Amino acid sequence: MLILEIIRVAFGALLANKGRAFLTMLGIIIGVGAVIAMMAIGAGAQKAVQDRIASMGVNQLRVFADRTTIRGVTRYRSLTTDDAQALRNEMTLATAVVPDMGGQYQVKYGNKNNSVRITGTTPEYFSLRNYQLAAGRFFTNGDMSASQRVAVLGSVAAENLDIGPEDVGSTLRIGGMIFDVIGIMESKGSQGGWDNPDENIFIPITTAQYRLMGNNRINGVTVQVVAQEWMLAAQGEMERILRRERQLRPEQQNDFRFFNQQELATTFAESTKIFGLLLASIAAVSLIVGGIGIMNIMLVSVTERTREIGIRKALGARRSIILLQFLLESITLCVLGGAIGMALGYWVAKVMASSGGWEVIVTPQSLLLAVGFSVGVGLFFGIYPASRAAKLDPIEALRYE
């Protein structure tokens with residue numbers, strides 16, 4: 001019953017000054033709302049990055065040609081289809097070995113004439129990168145074996161050429177050669193900023209090598225590894241095969257380099273996590289400022305109610321009761337402010353998601369953190385005013401005017 005009486009008195013004191021109580025809570029409301037919104041943005045960004053990398057495939061290694069310096073002379077030696085074939089024949093830890101080659105070519109369809117990146121590759125390329133069709137089909141091993149002049153268009157490339165699903169089966173010219181349009185891909189989006197398949201046109205690698213480009217130089221080779229735990233072993237296997245194929249002596253550096261998408265996924269995940277924590281930390285400053293405001297108002301409240309405290313002490317109220325009353329007032333301000341702030345932060349996050357076009361995720365952890373922080377602020381910044389009230393001498397308090 002005593003605790004209920006203390007709570008009733010604490011709420012009564014707050015309700016007696018509604019305007020001041022609300023203004024005091026405002027710092028907590030803004031701080032908690034900012035924490036919720038910023039953590040939601042950070043979590044959404046992290047998920048977006050993870051989804052994008054997952055769509056590219058995590059169990060993949062890619063190898064490129066690289067510049068090397070020998071006796072002060074820098075040279076660049078392209079990878080070739082022979083290198084890719086050696087990897088395909090000899091690798092034991094790969095489920096797919098997919099080379100690709102490409103370049104910019106003029107593409108003409110009707111009255112449209114655009115410069116488009118042409119990528120020559122194998123049929124496994126599409127499944128390896130989780131590409132989907134909007135219309136038509138992908139080219140097959142049969143198309144590749146026969147070096148057929150068939151093309152699959154990215155969504156942007158098709159749109160720029162005014163080619164729709166109904167135009168599958170029509171022909172276009174790539175570098176002056178006639179190709180059949182056999183498929184249009186669904187939109188995929190930029191792959192980490194260095195490649196956008198939506199802007200490409202894909203043709204069989206044999207067609208690119210023997211009919212269009214006239215050489216066996218490739219941009220790189222993507223290898224699907226059997227499992228994530230074999231990534232390093234697969235990279236070592238690729239290195240041994242390529243060094244032997246390219247006849248590199250033991251003292252010579254590799255003239256190729258690897259790109260590990262698993263490492264990229266880990267790096268991006270850590271970066272977005274740090275970014276989210278940074279945003280939350282910046283928002284938490286508002287909570288500190290709000291806590292200072294609460295301490296200031298509670299000190300004013302102690303001064304205003306000095307005579308009341310003296311009367312209660314004279315009637316037998318213990319120090320602990322006075323301490324608990326003022327602590328409860330401080331915590332109540334913070335908890336109410338935190339509850340309003342959570343609702344505000346959730347609303348702001350949803351508005352940003354709908355208007356900004358990005359995903360936000362409000363996690364239970366962020367809500368618990370905000371509530372815990374609110375209670376902690378109430379306790380920390382309420383202890384000094386409550387302690388000051390509890391230590392007042394009843395005689396001096398009764399004399400206070």
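Every number here is computed from the coordinates shown, using simple stated rules; none is lab data. Fair warning: this is a prediction, and the values are worked out from it, not measured in the lab. Ideal geometry is used to build each Cβ from the backbone, glycine not excepted, and the neighbour counts take in all protein chains shown.
Between the amide H of PHE256 and those of ASP66, distances stay under 5 Å, these residues lying 5 or more places away or on another chain, with hydrogens modeled in the peptide plane. A P(r) calculated from all alpha carbon pairs of segment 281-391, with 5 Å bins opening at zero, reads 2, 12, 19, 18, 14, 11, 9, 6, 5, 3, 2, 1, 0 percent. Alpha-carbon geometry of segment 67-254: the Rg and the Dmax are 18.0, 58 Å, given in that order.
Panel order for PHE179, PHE138, by other beta carbons found within 10 Å of each beta carbon, from fewest to most: PHE138, PHE179.
Sequence-ordered 3J(HN,Hα) estimates for segment 337-352 from the Karplus curve with 6.51, -1.76 and 1.60 and θ = phi - 60° stand at x, x, 5, 5, x, 4, 5, 5, x, 5, 5, 4, 4, 5, 5, 5 Hz, glycine and proline given as x.
With the charge dipole of segment 67-254 set up from +1 on Lys and Arg Cβ and -1 on Asp and Glu Cβ about the Cα centre, the Cα lying farthest toward the positive end among the listed residues ILE184, ILE205, ASN130 is that of ILE205. Here's the picture: charge each Lys and Arg Cβ at +1 and each Asp and Glu Cβ at -1 in segment 67-254, and of THR68, THR121, SER155 the one pushed furthest to the positive end of that dipole is THR68.
Backbone geometry of segment 175-180 corresponds, through the Karplus equation with coefficients 6.51, -1.76 and 1.60 at θ = phi - 60°, to 3J(HN,Hα) couplings of x, x, 9, 7, 10, 8 Hz, x marking Gly and Pro.
Given +1 at the Cβ of Lys and Arg, -1 at the Cβ of Asp and Glu and no other charges, the dipole of segment 67-254 around its Cα centre is 880 debye to the nearest 20.
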